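Trainee: Supplied in C-alpha cells, the structure appears directly below.
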Protein chains: 2
Amino acid sequence: MIDFSTDPDHYKHWRLTVDGRVATLALDVAEDGGIAPGYDLKLNSYDLGVDIELYDAVQRLRFEHPEVGAIMITSAKERVFCAGANISMLAQSTHVDKVNFCKFTNETRNGIEDASAHSGQRYLCVINGTAAGGGYELALATDHIILIDDGASAVSLPEVPLLAVLPGTGGLTRVVDKRHVRRDRADFFCTTGEGMRGKRALEWDLIDELAPRSKLDEAATARADTLAAQSDRPADAEGITLAALGRTTGDNELIYSHVTVTFDRDRRTATFQVRSPDAAPPQDAAAIHAEGCDFWPLALARELDDAILHLRFNEPELGTWVLTTSGDAEHVAAADDALLNNPDDWLVREITLYLKRTLKRLDVSSRSLIALIEPGSCFTGTLLELALAADRSYMFDGAFEGSNLPPATLRPTDMNFGPLPMCNGLTRLDARFLDDAGKRADIEAEIGNDLDAAAAEALGLVTFTPDDIDWEDEVRVALEARSSFSPDALTAMEANLRFGGPETIESKIFARLSAWQNWVFQRPNAVGDGGALELYGSGKQPNFDRKRV
Amino acid sequence: MIDFSTDPDHYKHWRLTVDGRVATLALDVAEDGGIAPGYDLKLNSYDLGVDIELYDAVQRLRFEHPEVGAIMITSAKERVFCAGANISMLAQSTHVDKVNFCKFTNETRNGIEDASAHSGQRYLCVINGTAAGGGYELALATDHIILIDDGASAVSLPEVPLLAVLPGTGGLTRVVDKRHVRRDRADFFCTTGEGMRGKRALEWDLIDELAPRSKLDEAATARADTLAAQSDRPADAEGITLAALGRTTGDNELIYSHVTVTFDRDRRTATFQVRSPDAAPPQDAAAIHAEGCDFWPLALARELDDAILHLRFNEPELGTWVLTTSGDAEHVAAADDALLNNPDDWLVREITLYLKRTLKRLDVSSRSLIALIEPGSCFTGTLLELALAADRSYMFDGAFEGSNLPPATLRPTDMNFGPLPMCNGLTRLDARFLDDAGKRADIEAEIGNDLDAAAAEALGLVTFTPDDIDWEDEVRVALEARSSFSPDALTAMEANLRFGGPETIESKIFARLSAWQNWVFQRPNAVGDGGALELYGSGKQPNFDRKRV
C-alpha cells in the first residue's frame, strides 16, 4: 500500500530548514531509500517516495510556517542537483504506475506554482550541479532559477534523445508557455542530451541567473531575501500543526472524521460519504486558528485529498467514485462564510486554496465521478462543488417512501462563484455553462436558497431527477453500465468532456502533455523489449520502428 | 500507394449536385468500394477513400462554384445517414494507418468549418436516418443540423460503450466546446450506445432542428436558402477548374511544377524544394482568374498539400522533412501583393485560405521540420512561413566558397502578419514570440527588406547561422541526430512545442483529443487480442483490464 502521510521527522530524502523568512528544501536522496525494491536512487534521482516528501513539505510550509515568504529548493549533494525521475524505477513500473506517478508529481509542481501565485510563498531554485529531466522540471516550477556557472553544470531535458519518452512533468509546456523560450530553441534544447550551461542557458531564457561557485550562496540568499520581502505573509504569526490524519483503513473502507469511503468491489465503485460539520463552525479568525487542523474545511480538504490519492494508487480497479454527502446545510454554509469573511487571514486563505487544489485533484482523477443527491444529503456551497465536479448527477425527487427525511435540496453559496476554480481557470459553474452567463446569473440569484429537484433541474444543476419509483433502477443501471465500459476509453472521454473552454498552463499539462506522455509510455519504441526505456543503461542500442505517426 | 487526387466524375461514394446557390453532397457509399480489401462499407460507413472524395468535393465547391453559398450534406440512402468510420477497417488497420486516417478526416472537417466561417459557404447537415459516431461527427462540423423526427433515427457517439475507443473526429470537443452541450449531458450522451432522437436531442442541443419525414426536404431547402442568402459569394461569377495536378512520382522523388521533394532513405529525410514563380505574377483579379489553377500561389498550395499528404501516408519512415526554397524574392513578394491587394475577390480569398490550411497541415504533420536557408533561396512572405513553421532553421551566413550566388536573405511581407494563422489562431510569428509584441514589431518594421543572416538572427527569425566552415557539418549532425531519435518521442515533443499560447477548438482537437485517441488506439482494452475493437461483431465480450489509468 502506498501511504501519503509523512512528516519532516521521517523524511529520508529532503532536509527542510527554516531561517526567519526563508526556508530551504535541500534534496539529499537516500540511494537505498526507494519506495519499491529493485533500483538505487543515484545522483539525487527520485521516485514516488521522494515526491511524497516534497508534497508534504510544501503543504507544511504553507500551514505551519506563516512566517516563510520564500523557499529555496536546492541540493545537499556536491556538484549534482537532481537527475530527475529514476530510470530503472520507470522501466520496471507498470503503465498504471507510470501515469499515476507523473500525475502526482505534476500536481505537486502545480502546487508550488499555486503557492508562488496565491500564497505569498515564492519559490526559487538554486541549481548547484547538473539538473537533468525531472530535476530541471522541478526548477521550472519555481519563480526564479539560479544556475551555478562552473563550466560543467547544465540544465537539460534529455528524455527524448536518451529515453524515447517525454519530459513528463510539465517541462515542455513550461519551457514554451511559462518561460517563453522560443520554440525553435526549445526544440534544440529538448533534443540535446547534454543540455545547456552558462551564458547560453541564460541567453535562451532557460534560467534566470548565473553565479560562480564562490558567489552562489550569496546570490541565492540575496534573491530569497528579495522574494521574501515581497511576501504578504505575517512574519510574527504562529503556524498550525498538521497533525497526523486519523484514518481507519479496512479491506473495503476508508474512514476519516468527516469522510468515509466504502468499496463495492463487484460493482467496482467507491462511495464517498462526506459529512457536514457536526456543529456550527467558528466565524472569527482567532477561533479558526484555535481549531487548527480540526477546523472542518481544513479537515475536509486533508481527508478528501488523502482519500483521492489512496484510491488512485491503491485501488485502481474501483473505476467509479460515487459522491454522496450528509449533514446540515446550515453548518456547511457557515463554514463557507467563515472562509469568505476572513479572506485576509493567512490561514483562511491557505484553507481555501487547499480546498481548491483538492477539488482540482478530483477533476483530474481518472475515475468516473457520479454524484447521488438524496434526502439527508448536504450539497451546499463547497460540497455542491462535488456534484458540479461529477461527470453526471442524480437528484432524488421527493422523499423516500416511509422516511421522514425531507426531500433533497442543493444550496449555492458564494464559494461556488470564484474561490474554487478548476485547472482551466473557470469555476465549475462557468465550465458547466461556458458562454451562457445568463445561466450562471440565474444560479447566483439563488445563493443561500435551498433548491429542490425541480428547481435544480430547471437551473441545469443536475443531470437527472428520478423519483422514488425510478431511483433505484436508474442509479443501478447507470453504475453497472459505467462499470462495464473500457476503463481507458472512459478516462480519455472524461479528460475531454470535463474541461471545456479556455486552457491554462496547468490544463495544458494535464490535457496535452500528459496525454502524449501516456501515449509514448505505451509505444514499443519506449517500453517494448528493444525500447529505449527498457534498454537504458544496458549498453545496447534501441532498434526503433522508424514509422512516424 | 494512397493517391489523394480524384474528381466528381470518379467519385464512388458521394453525389455532388449544384442547384443555383445551393449544393448538395449526398453520401451513397459503395459497399464494395473500400480503398483496401477486407471489409464492406455497410450502412454508409466510411474509410479513407470516402473521405478523400469528401475533401475533393469541399475543395471544388470553394474554387469551381463561386455561386454556391450553402451546402447540404445528406445521405442518398433510405433511413440511414452514416454509420461512421467502418469498424472492420479500423480493426485491421495498423496504428499508423488509424492515426493518419483520423488526422486527415479531422482536417477535412476543420476545412468545412473554415468554409463556413471565412468562405461564404455555409454547411448544413440533413440527417435523414441514423447518424452514428463519425456520421454524427460530420454533422457536428456543419453550422446547422436537421434531424428527421421519425421515432427511430438518432444521433449517437457509441464509440466508448461499443468499441472502447474515442470518437476520434472532433466529436467530444465539438459537443462541449462548439455546441456547448452541458458536460454532464455530454457524458450521458457519449456513453449511451443508442444515442438520442427527437425532442430530447433538440432540447440537449445535440441538433438544431427537427422535421418529420414529410417535411424534411422542405425544412432542409428553407434552411439552405436562408444560409445561402447570407453568403457574400457572387451568384454570377465563373469558377475556375482545379485541373489534375501534373505530378511525377519516382522511387525517390516527387516532382510538381513548383515543388520537388527528394528522398534520402538512408538519412530518412525528404527534402522539399519550393520554387518561386518564374515571372512576375499578375496583379489584378481578372488576370488572376484567367490564370486559374496555374496562378502560382494556388498551384503552390495544391502541390504542397498533395506532397504533404503523399508523404504522410506513403512514406512514414521519412521522419524529417527538410524545407528549402529557391527563386526570385521579388516574384514571391509580388504574388503576396496580388493576394493582399485583392481581398474582396472571392477567388483570391479562397487562395489565401487554401494557403492557410496547407500550412496548418504542415504544422500538424508528425514529421520533424528543418528549414535550410541557403544562398539562392527565397524565403519571402508566404515562403518565409515555411521557415517559421519549422522546428528549427539553419541560415547560411555569407556566400558559398567559389559561388557567385549572393548570401541568403529573408524577406517578411504582410502575409506574415495575419492571413496565415496556425490552428491555435496565432500567426507563426506570434506563436514564436508569444507575449513579446516588441519582437513582432521589430520584424514588422522590416517588411519588404532583405534580412541577412546576422539581421535574421538578431530578430529571432532563425535558430542558427553557420558560415561556410561550419555549415555542412552542423546540418549533417542535426539531421543525423534527428534521424536517430525515437519517432514517437519526436512526434509527442513537437506536438507540445509547436503550439504555445492559446487554444482553439481546432487546436484542442489536434492536441488533446487526438493525443488521447492515439493513446486509446494503443491500449490492449481496445486493440489487444481480447480488445473491444478486435472483437466487435464477433459476438464475444471483451475482457477488460479493469485498472483505471
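Trainee: Please work out the average accessible area per residue across the protein assembly as shown, using the 1.4 Å probe convention, and give it in Å².
Mentor: Value for the protein assembly as shown: 34 Å² per residue.
Trainee: On to the next question. Which shape class applies to region B:218-348: rounded if a/c is under 1.5, otherwise prolate when a/b exceeds b/c and oblate if not, where a ≥ b ≥ c are the square roots of the Cα gyration tensor eigenvalues?
Mentor: oblate
Trainee: Same structure again: Pull up the DSSP beta bridges for region A:248-497 and report the antiparallel fraction as a percent, rounded to 5.
Mentor: Around 40 percent of the beta bridges assigned by DSSP in region A:248-497 are antiparallel ones.
Trainee: Would you calculate the convex hull of the Cα atoms in region A:8-229 and tell me its volume per residue in Å³?
Mentor: In region A:8-229, the Cα convex hull volume per residue is 112 Å³.
Trainee: Name the residue farthest towards the positive end of the dipole of chain A from the options A:Thr320, A:Gly129, A:Ala299, assuming +1 on Cβ of Lys and Arg, -1 on Cβ of Asp and Glu, about the Cα centre.
Mentor: Checking the options against the dipole of chain A, the answer is A:Gly129.
Trainee: Take the cross-link list A:Lys178/B:Lys356; A:Lys199/A:Lys540; B:Lys98/B:Lys178; A:Lys98/A:Lys199 and give me the ones stretching past 31 Å between alpha-carbons.
Mentor: A:Lys199/A:Lys540; A:Lys98/A:Lys199
Trainee: Grab every C-alpha pair in chain B, bin the distances at 10 angstrom width from 0 up to the longest one, and report whole percents.
Mentor: Histogramming chain B at 10 Å steps yields 3, 18, 28, 26, 16, 7, 2, 0 percent.
Trainee: Right, another one. What does the charge dipole of region A:228-276 about its Cα centre add up to, to the nearest 20 debye, if the Cβ of each Lys and Arg holds +1 and the Cβ of each Asp and Glu holds -1?
Mentor: 240 debye
Trainee: Quick one: with label points 7 Å out along Cα→Cβ, list the inter-copy distances for B:Pro234 in nm, shortest first?
Mentor: Here the equivalent label points are 7.5 nm apart from this one.
Trainee: Shape verdict for the protein assembly as shown, please, from the Cα gyration tensor: rounded (a/c under 1.5), prolate (a/b greater than b/c) or oblate.
Mentor: oblate
Trainee: Compute, for region B:367-505, the length of the dipole vector about the Cα centre, with Cβ point charges of +1 (Lys, Arg) and -1 (Asp, Glu) only. Units Debye, rounded to 20.
Mentor: 560 debye
Trainee: Ignoring everything but the protein chains, give the 1.4 Å probe accessible area of A:His118 in square angstrom, nearest 10.
Mentor: 90 Å²
Trainee: Of all DSSP beta bridges in the protein assembly as shown, what percent run antiparallel (nearest 5)?
Mentor: 35 percent
Trainee: Moving to a separate point now. Taking a probe of 1.4 angstrom, what is the accessible area of A:Leu41 in Å², to the nearest 10?
Mentor: We get 0 Å² for A:Leu41.
Trainee: At a probe of 1.4 Å, how much accessible area disappears from chains A and B on forming the pair, both sides counted, to the nearest 100 Å²?
Mentor: 8400 Å²
Trainee: What are the label-to-label distances in nm, one decimal and shortest first, from B:Glu31 to the same spot in the other copies, with labels 7 Å along Cα to Cβ?
Mentor: 7.0
Trainee: So, in nm, how far is label A:Ala455 from label B:Thr17 when the simple model puts each one 7 Å beyond its Cα toward the Cβ?
Mentor: 5.6 nm
Trainee: Here is a follow-up. Give me the distance between the Cα centres of region B:317-377 and region A:181-206, rounded to whole Å.
Mentor: The two parts, judged by their Cα centres, are 28 Å apart.
Trainee: Taking a label point 7 Å from Cα toward Cβ, how far is A:Lys178 from its twins in the other copies, in nm, shortest first?
Mentor: Result for A:Lys178, in nm, nearest copy first: 3.4.
Trainee: With the full set of protein chains in place, find how many percent of the accessible area of region A:8-229 is carbon and sulfur; take the probe as 1.4 Å.
Mentor: Ligands and nucleic acids excluded, carbon and sulfur reach 48 percent.
Trainee: Can you tell me what share of the DSSP beta bridges in chain A is antiparallel? A percent to the nearest 5 is fine.
Mentor: 35 percent
Trainee: Starting from the Cα gyration tensor of region B:68-165, take the square roots of the eigenvalues, sort them a ≥ b ≥ c, and report rounded, prolate or oblate (rounded when a/c is under 1.5, otherwise prolate if a/b is larger than b/c, else oblate).
Mentor: It comes out oblate by the Cα gyration axes.
Trainee: Could you compute how fast region B:273-432 diffuses translationally, taking Rh as the Kirkwood radius over C-alpha pairs and applying Stokes-Einstein at 25 °C with viscosity 0.890 mPa s? Give it in µm² per second.
Mentor: Value of D from the Cα-based Kirkwood radius: 152 µm²/s.
Trainee: Per residue Cα convex hull volume for region B:402-549, in cubic angstrom?
Mentor: 193 Å³
Trainee: I've got another one for you. Which value, in debye to the nearest 20, describes the size of the charge dipole of the protein assembly as shown about its Cα centre when Lys and Arg Cβ atoms bear +1, Asp and Glu Cβ atoms bear -1, and nothing else is charged?
Mentor: 1500 debye
Trainee: Do any GluC sites (Glu not before Pro) in region A:15-97 lie in a loop, going by DSSP, with at most 16 other beta-carbon atoms within 10 Å of their beta carbon, and if so which?
Mentor: Passing sites in region A:15-97 are A:Glu31, A:Glu78.
Trainee: Calculated from DSSP H runs of 4 or more alone, at -39500 (n - 2.57) each and per residue, what is the 222 nm mean residue ellipticity of chain B, nearest 500?
Mentor: Rounded to the nearest 500, it is -11500 deg cm²/dmol.
Trainee: Kindly report, to the nearest 10 Å², the accessible surface of B:Trp516 as traced by a 1.4 Å probe over protein heavy atoms only.
Mentor: Around 20 Å² of this residue is reachable by solvent.
Trainee: So what's the net charge close to A:Trp14: Lys and Arg +1, Asp and Glu -1, counting the other residues with Cβ under 14 Å from its Cβ?
Mentor: Combined, the nearby Lys, Arg, Asp and Glu give -3.
Trainee: May I pose another question? Residues with beta-carbon under 13 Å from that of A:Asp284, excluding A:Asp284: net charge, scoring Lys, Arg +1 and Asp, Glu -1?
Mentor: After counting each charged neighbour, the total is -4.
Trainee: Would you mind counting up the charge near B:Asp337? Only other residues with Cβ under 13 Å from its Cβ, with Lys and Arg at +1 and Asp and Glu at -1.
Mentor: Neighbour charge sum, excluding B:Asp337 itself: -3.
Trainee: Run the quick spin-label model on B:Ala280 and B:Asp28: label points 7 Å from Cα toward the beta carbon, then report their separation in nm to one decimal.
Mentor: 5.1 nm
Trainee: Can I ask one more? Place +1 on the Cβ of every Lys and Arg and -1 on the Cβ of every Asp and Glu in region B:189-271, take the dipole about the Cα centre, and give the residue among B:Ala228, B:Ser214, B:Gly193 whose Cα lies farthest towards its positive end.
Mentor: Value: B:Gly193.
Trainee: What whole-number value in cubic angstrom gives the convex hull volume per residue for the C-alpha atoms of region A:23-113?
Mentor: 93 Å³
Trainee: Here is a further query. Using a 1.4 Å probe over the heavy atoms of the protein chains, calculate the carbon and sulfur portion of the accessible area of region A:325-373 as a whole percent.
Mentor: 46 percent
Trainee: Distance between Cα centroids, region B:295-315 to region A:525-548: provide it in whole Å.
Mentor: 33 Å
Trainee: What is the distance in Å between the Cα centres of region B:83-98 and region A:379-433?
Mentor: Between the Cα centre of region B:83-98 and that of region A:379-433, the gap is 41 Å.
The values are calculated or read from the model by the stated rules, or taken from the named source; none is laboratory data. It should be emphasised that the depicted structure is a prediction, and the values quoted were computed from it without experimental measurement. Note: ideal-geometry Cβ built from the backbone for every residue, glycine included; neighbour counts use all protein chains shown. These area figures cover heavy atoms from the full protein model, side chains too; ligands, DNA and RNA do not enter into them. Shrake-Rupley method; radii C 1.70, N 1.55, O 1.52, S 1.80 Å.
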